[in-house]
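Input: a single structure, listed below in C-alpha cells.
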Amino acid sequence: MSSELFAYLDGEAIGVVEQSAGGALSFTYDADYRSRRDATPLSLSMPLVRAGHKNKPVRAFLQGLLPDSPGRLAELGREYRVSASNPFALLSHIGRDAAGAVQLLPAGEASADAAERHGDVRELSDTDFAELVADLVRNGDTWGRRTDDARWSLPGAQPKVALFRTEQERWAVPQDSTPTTHILKPAVAPYPDHHINEFMTMAAARALDLRVADDFLVTTERGDAVFVSTRYDRRLEEGRWHRLHQEDLCQALSVPPDMKYQSEGGPGIAAIARLINSLPDAEDRRGNARQFYEALVFSVASLGTDAHAKNYSLLLRRDRATLAPLNDLGSYAPYLAADGGNPKLAMSIEGEDSVGQISLDSLVRVAARVGLDRDWAEARAHEITDGIVIAYAAAADAARAQLGDDPFVGRMVDSIHEYASSRGWNA
C-alpha cells in the first residue's frame, strides 16, 4: 500500500510522489509532461531522461522544502499529528505553497494556480500583524503558532513567516493556492539585531554589484523590527501571480538539509563546481560560475560564515539553470570581539575554512575550478575586498534612513572596518 502526493509546477501537473508502506519515497514524471520539449525538471537530481526516481533524491528534495529547525518540525508534527521525521506526511498538509513553483497536493485537491486570483487573501489588521510577529519572537524555537489557513512551507533554521503583500501594501494570509510574496524574519534571541545585520549585508553586496534579492525593514505597532525579503520565485504577470521554480544546491545534489555544512559531510566548492560545469547551457555555466565566485569572495570579505550549500539556489526553467539572487546574507564581524574565536566558513577554500587564513591567491585558484579567467577573478576579488568598507558605509546610510540612529548600525561599520584593516585591504 502506498500514499500519493501530486506534484505541480506553477499549477501544471508534472508527476506523482509516492510513499510506500515502509516509508520509501519515489517520484514518477507524468508521461505527457516528460515528453514535452519545454518541460522543467522537478530537480536537477531527478532529470527528465528518467521517468522514475527512487528514495535518495526524492527524500532530499522533500526535506529541503521543510524548515531545518527541529523545534519547528516537532511543532508541525504535533499540529498535524504526523511524524516530524516524515517529510511526505508533513508536506501533505503544508505543501500548497513551498519554495519555488512546486506544490505537493493530496489526491482530489487540485491546484488552482491557473485561475485568476482576485480577493483570495485575508488581510491582517496592524494589530493582527503585530501579534503574529510578536508570537514568532516569543516562540522562536517553534516559529510561533500558525494561522488556521496557513498552508506554506519554508526551509531554513531562522524563524520566519511567509505572507502576501497587497497593492495597498497590506499584509495578508493567502487563501487557497494564492502564493505568498514576501518572507518576514523578525529579530530574535540570541541575535536581537540580526535584522539590521542582514539588511546591511544585503545592501553592501548590492553596492558591490552582486546579484541579491530585494528587501526592506518594517516595524510593527508593538515595536518589533522585521527584515522582509521579496520572494524572487514569485512574479506578477497580467494580473496573475506565477511561481518560478527553484531548488537549493543541497536538493540539486541529493544532500539532506542536516548535512548542509561541509564539515558535516555536505557539499563543498568542488561538488558545486562539478554541478555548475555539468549544466548543458554554456551561458548558464559562465554566469553561474561568476556569480558563485563573487559570493565566495564576498563571504570572505564580509565574514559571512553561514554561506552553506542551502543558501545558494538555482532557478530552473526548461533546460536552463541559473543561480538565484543571493539571500540570507549576514556578517559575523560585529560578534567577533565578544566571541574571541576563530570564525570559520561553511565551505572551505583550498582546504582552509578559517576566514582569517584565506588569501586572495586562494580565492583566485578557486576560480579555475569553475573555468573563470584568472585576471578577471583577481580583479573582481580586489574590487570586493577593497570596497567592502565603503559598501557597508553606504549600507549604514540606508539603514539609518529606516531605523534612525540605532547604535548597532555604527557597530556593524566599525567591526567591518576593523576586520578589513586587519586583512590589509583598503579601509
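Taking Arg317, Arg234, Arg37 in turn, the Gaussian network model of the chain (Cα-Cα springs below 10 Å) assigns the largest fluctuation to Arg37.
For Gln175, project a label point 7 Å along Cα to C-beta. Then give me every residue of region 229-243 with its amide nitrogen under 18 Å of that point. 240-241, by backbone N distance to the label point. For region 184-242, the share of alpha carbon pairs falling in successive 10 Å distance bins from zero is 21, 41, 29, 9, 0 percent.
Secondary-structure-derived ellipticity at 222 nm for the chain, considering helices only, amounts to -11500 deg cm²/dmol, per-run term -39500 (n - 2.57) for DSSP H runs with n ≥ 4. The label-point distance for Gln168 and Arg274, in a model that sets each label 7 Å from Cα toward Cβ, rounds to 5.4 nm. Using a simple spin-label model with pseudo-atoms 7 Å out from Cα toward Cβ, Val49 and Ser421 lie 5.6 nm apart. The residue list Ala420, Leu66, Ala89 was ranked by how far each Cα lies along the charge dipole of the chain toward its positive end, using unit charges on Cβ atoms, and Ala89 comes out on top. Three semi-axes describe the equivalent ellipsoid of region 230-289; taken as square roots of 5 times the Cα gyration tensor eigenvalues and ordered largest first, they are 27, 18, 8 Å.
Taking the mean number of other Cβ atoms within 10 Å as a proxy for protection, how do you rank 50-58, 98-106 from highest to lowest? If you can, show how the numbers build up before the last one.
On the way: 50-58: 16.6, 98-106: 23.4.
Highest to lowest by the protection proxy: 98-106, 50-58.
Each Lys and Arg Cβ is given +1 and each Asp and Glu Cβ -1; about its Cα centre, the chain then shows a dipole of about 1160 debye.
Beyond 18 Å, how much of the Cα-Cα pair distribution for region 250-376 remains, as a whole percent? Can you show the working numbers first?
Values: 4244 of 8001 pairs.
Of all Cα-Cα pairs in region 250-376, 53 percent lie more than 18 Å apart.
The label point for His93 and the one for Glu352, both projected 7 Å from the Cα toward the Cβ, are 4.9 nm apart. Judged by the mean number of other Cβ atoms found within 10 Å, the most tightly packed of the peptides 79-85, 191-197 leads the ranking 191-197, 79-85.
Starting from 0.36 nm per residue, how many nanometres of slack lie between Ser35 and Glu221 once their C-alpha separation is accounted for?
On the way: separation 186, 0.36 × 186 = 66.96 nm, distance 5.27 nm.
Result: 61.7 nm gained on full extension.
Lys/Arg Cβ at +1, Asp/Glu Cβ at -1, dipole of the chain taken about the Cα centre: which of Gly223, Met200, Ser278 is farthest positive-ward? In the chain, that residue is Ser278. When the Gaussian network model of the chain links Cα atoms closer than 10 Å, the mean-square fluctuations of Leu42, Leu236, Leu360 top out at Leu236.
Checking (1) 22.6, 75; (2) 22.5, 72; (3) 21.4, 65 against Rg and Dmax of the Cα atoms in Å calculated from these atoms, the matching label is (3). Look at the alpha carbon pairs under 8 Å that are at least 6 residues apart: their mean separation over the length of region 261-360 gives a relative contact order of 30 percent.
Measuring nothing but how far apart in sequence close Cα pairs (under 8 Å, 6+ apart) lie, relative to its length, the chain scores a relative contact order of 15 percent. If you find the alpha carbon centre of region 72-106 and of region 239-256, how far apart are they in angstrom? For region 72-106 versus region 239-256, the Cα centre distance is 16 Å.
Extension gain for Ser263-Thr230 works out to 8.8 nm (0.36 nm per residue, less the C-alpha to C-alpha distance).
The numbers here are math on the coordinates, done by the rules we state, and not lab data. If you're wondering where the values come from, they're calculated on a predicted model, not measured in any experiment. Because the Cβ atoms are built from the backbone with ideal geometry, glycine has one as well, and the counts that use them run over all protein chains shown.
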